[in-house]
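Notes follow the structure.
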Amino acid sequence: MDLLKGKFHGGQALAALVTLLMLFSATLGLWSLLEAKVYDSRFQQKGAEAPPESIVIIGVDDESLHQVGRWPWARSIHGELLDRLEQAKVVCIDISFASDSQEEEDQALAEAIGRHGRVVLAAHLSLEQEGDYINQVLRLPVDPLLMETFSIGFANFPTEEDNIVRRALPMTLFDGYPLPSLALATAMAGEGLDPSELDWQEDGLIVAGSLALPPFHGQGPLIHFRGPAETYETIPYYQVLNGDYPPEYFADKWVLVGPVSPLFKDEFNTPYTQSNMALKGALPTPGVELHATALDAYLNQGYFFKAPLWVNLMSLVFLGFSAYVVSSGRRPWQGLLFLIFLALLWYFFTGVLWSQMNLWVDFVAPAMTALLVYLAATAYNHFFVEQERKKVQGLFGRYVSDKVVDELLKNPDKVALGGQRQIVTVFFSDIRGFTSYSEGKTPEEVVSRLNEYFTVMTSIVFKHGGTLDKYLGDGMMAVFGAPIPQEDHAERALRASLEMCRALEELNRTWEARGEKPFGIGIGLNSGPVLSGNIGSPERMEYTVIGEDVNLSARLESMNKEKGTQIIFSERTLRYMQLPALEDLKIVELGDVAVRGMVQPVKIYTVR
């Protein structure tokens, strides 16, 4: 039905427009912050997991400050700590030693660093302005310590726009040479490699001995967080200093030393950090534990990978298309249920990719696309259906019931307005006694009586799924099986005819009670192929059916007076009836009759 096909083209165009706008916004990264929050939620839902026992943190906590004394401590104290860690595989000290101290204190620590042989010290990158220029400055440990340390690495950790650490920066270029981070320098020290042996290859891969990091192009890899703060074993500094842990406890372990007290303000938000930190226990993570997390990732390939842009854009298109499919032709609440199911399915699917393949595929932008497409399609459908209802009501409202109008809107392909051949049952009826009734009556009285009669009869036609073709003075013509095909059109027509006869008996009782003359009725039914559609001129058209079987139905109606019956139907109509469904009726054959305009006689029947 051409009138209704525009709905689908318009709906598709609107869905495509919404999807294109979402593609544009996703390409610009407008959803990246929300995507990051969903990424964080994956960690929170997963919960903490056991870290490797080979990584240990020695933390300068509040109790250590109370036991050892006011910060900064004498550097010889750190030297004593190093002597108690003599069996550790590598010791990484996340404490700044960039400022001068007493010479003997520096010397004591330098000697302890030398004795251990595998100590990595922290350097710090900062930006300083000199005149009109801003220069990157590397704050190194003082010379005595720098001379003895095995390696150095910068301790800076990058945060993202929402001030959360999700990535580790494995290296940076300083004076044209690759400089490893503190965590990477520690991992390299475990293999006996110093910073000069760091190889940043042309394809972006970072290689150092057996260590191989994902391609680096200025943005570090997403690292795997095993849990919130205090996930890694953390031992108070003063306990190790006091000998509560024997040197063998740290044998062949990676030991990181640094502040964990909030007083140092060296804390970072991670995917596990919650807004309600006190209740949920998800406090910001100390910097030294971030270095432990990055070290863990470098040693154990603990990385997550952001899906390529084209994958996320294709996902967006897929969910937008899916939302359009599940929204079209359904009621809004049905579309909403499908949409919720689709979103949950996508969340589950992306969650599986995240947990099983460490692949971060966008959820928010595709899900938002699905929602907006659903809203747009639903709004458009509502607007369109109302407009089309008015059009269809204008075309068919005089002929069919509201139920049939709804069916036409749901199934536009069932009807072709230009005309199509259909198998139908044609109904003709006429009032008996109308002429005698009209004598001596005013036109207003006659019209009022006809309206009362036709109101009842028309409602019966509609009740049985028939189409009112036209009123013919005191008669009416109806069609069963068009414009919407009906397999049981003949049965519907016969049932409607019988109900009309009963309804007329009720009307007659009412009229007689008012002192008015009753009506009789004659009905003719015939079935067969007809041409149905809107017929007429461009200025005026009406829906009707034409064909030989239409004429025969009118002829049969006129035979009721001769046969003394109310209903006559042809053998053709009987062929289309499902007789088991008519067992409650007594069908009587009236014989063969000659019909004007037809060569062969027609066998006719009635119902008693």
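The values are calculated or read from the model by the stated rules, or taken from the named source; none is laboratory data. A quick note: this is a predicted structure, and the numbers were derived from the prediction, not measured. Don't worry about glycine lacking a Cβ; one is built from the backbone with ideal geometry, like all the others, and counts go over all protein chains shown. For the accessible areas, the whole protein counts, side chains as well, though only heavy atoms, and no ligand, DNA or RNA atoms are used. Shrake-Rupley method; radii C 1.70, N 1.55, O 1.52, S 1.80 Å.
For segment 339-359, the set of residues classified as closer than 29 Å to Ala376 by Cβ and open to solvent by 40 Å² or more (accessible area, probe 1.4 Å) consists of Ile340, Phe341, Leu344, Leu345, Tyr347, Phe348, Phe349, listed by residue number. Restricted to segment 451-471, and to residues there that are assigned to a strand (DSSP E or B) and under 47 Å from the mean Cα position of the chain (by Cα), the residue that is surrounded by the fewest Cβ atoms within 10 Å (Cβ to Cβ) is Leu468. Pairs under 7 Å by beta carbon, first residue open to solvent by 20 Å² or more (accessible area, probe 1.4 Å) in segment 183-195, partner in a helix (DSSP H, G or I) and not charged (D, E, K, R), six or more apart or different chains? Listed by first residue and then by second, the contacts come to Pro195/Ala185. Evaluation of Gly258 against the conditions (1) buried (at least 21 other Cβ atoms within 10 Å of the Cβ); (2) part of a helix (DSSP H, G or I) shows that the sole unmet condition is (2). Of all the listed residues (Val120, Val142, Val137), the sole one being of a type in the set (A, V, I, L, M, F, W, C) and under 25 Å from Pro236 (Cβ atoms) is Val120. When restricted to residues that are buried (at least 18 other Cβ atoms within 10 Å of the Cβ) and either without any contact (Cβ under 8 Å) to a residue 24 or more places away in the chain or in a helix (DSSP H, G or I) (or both), segment 472-506 contains 12.
Okay, residues lined up against (1) among the basic types (Lys, Arg); (2) surrounded by fewer than 24 Cβ atoms within 10 Å (Cβ to Cβ); (3) at pLDDT below 90:
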site: Gln274; (1), (2), (3): no, yes, yes
site: Ala278; (1), (2), (3): no, yes, yes
site: Pro284; (1), (2), (3): no, yes, no
site: Ala294; (1), (2), (3): no, no, no
site: Phe304; (1), (2), (3): no, yes, no
site: Trp310; (1), (2), (3): no, yes, no
site: Leu319; (1), (2), (3): no, no, no
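Picking from residues in segment 196-220 that are of a type in the set (Gly, Ala, Ser) and open to solvent by less than 10 Å² (accessible area, probe 1.4 Å), the one that is farthest from Phe304 (Cα to Cα) is Ala208. Residues that are open to solvent by less than 70 Å² (accessible area, probe 1.4 Å) and among the charged types (D, E, K, R) within segment 38-83 comprise Asp40, Arg42, Glu49, Asp61, Arg75, Asp83, listed in sequence order. Note on segment 154-240: no enclosed strands (runs of 3 or more DSSP E) hold 1 or more residues that are more than 30 Å from Trp354 (Cβ to Cβ) and polar (S, T, N, Q).
Could you run through segment 592-608 and say how many residues are under 17 Å from Ile567 (Cα atoms) and surrounded by fewer than 10 Cβ atoms within 10 Å (Cβ to Cβ)?
Residues that pass the stated criteria total 1.
Restrict the check to segment 283-292 and report whether at least one residue is among the small types (Gly, Ala, Ser) and touching a helix residue (DSSP H, G or I) at 6+ places or on another chain (Cβ under 6 Å). No: zero hits. Any chance segment 548-556 includes a residue that's open to solvent by less than 40 Å² (accessible area, probe 1.4 Å), assigned by the TED database to the domain that holds Ala493 and of a type in the set (D, E, K, R)? Taking every residue of segment 548-556 in turn, at least one turns out to be open to solvent by less than 40 Å² (accessible area, probe 1.4 Å), assigned by the TED database to the domain that holds Ala493 and of a type in the set (D, E, K, R).
So that you can scan it fast, the table gives a plain yes or no per residue for (1) within 18 Å of Gly466 (Cα to Cα); (2) among the polar types (S, T, N, Q); (3) touching a Leu at 6+ places or on another chain (Cβ under 9 Å); (4) modelled with pLDDT of 85 or more:
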site	(1), (2), (3), (4)
Gly524	yes, no, yes, yes
Leu531	yes, no, no, yes
Ile535	no, no, no, no
Glu542	yes, no, no, no
Val545	yes, no, yes, yes
Val550	yes, no, no, yes
Ile567	yes, no, yes, yes
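Taking segment 520-608 as the region of interest, the strands (runs of 3 or more DSSP E) fully inside it that hold 2 or more residues being in contact (Cβ under 8 Å) with a residue 60 or more places away in the chain are 520-537, 540-546, 567-570.
Screening Ser99 on (1) among the hydroxyl-bearing types (Ser, Thr, Tyr); (2) surrounded by fewer than 17 Cβ atoms within 10 Å (Cβ to Cβ); (3) under 25 Å from Ala251 (Cα atoms) shows it passes everything except condition (3).
Within segment 118-136, being surrounded by fewer than 13 Cβ atoms within 10 Å (Cβ to Cβ) and within 24 Å of Ala185 (Cα to Cα) holds for Ser126, Leu127, Asn135, Gln136.
So which residues in segment 11-34 are under 28 Å from His382 (Cβ atoms) and of a type in the set (Gly, Ala, Ser)?
Our first condition is that a residue be under 28 Å from His382 (Cβ atoms); within segment 11-34, this holds for 11-26, 31.
Gly11, Ala13, Ala15, Ala16, Ser25, Ala26, listed by residue number.
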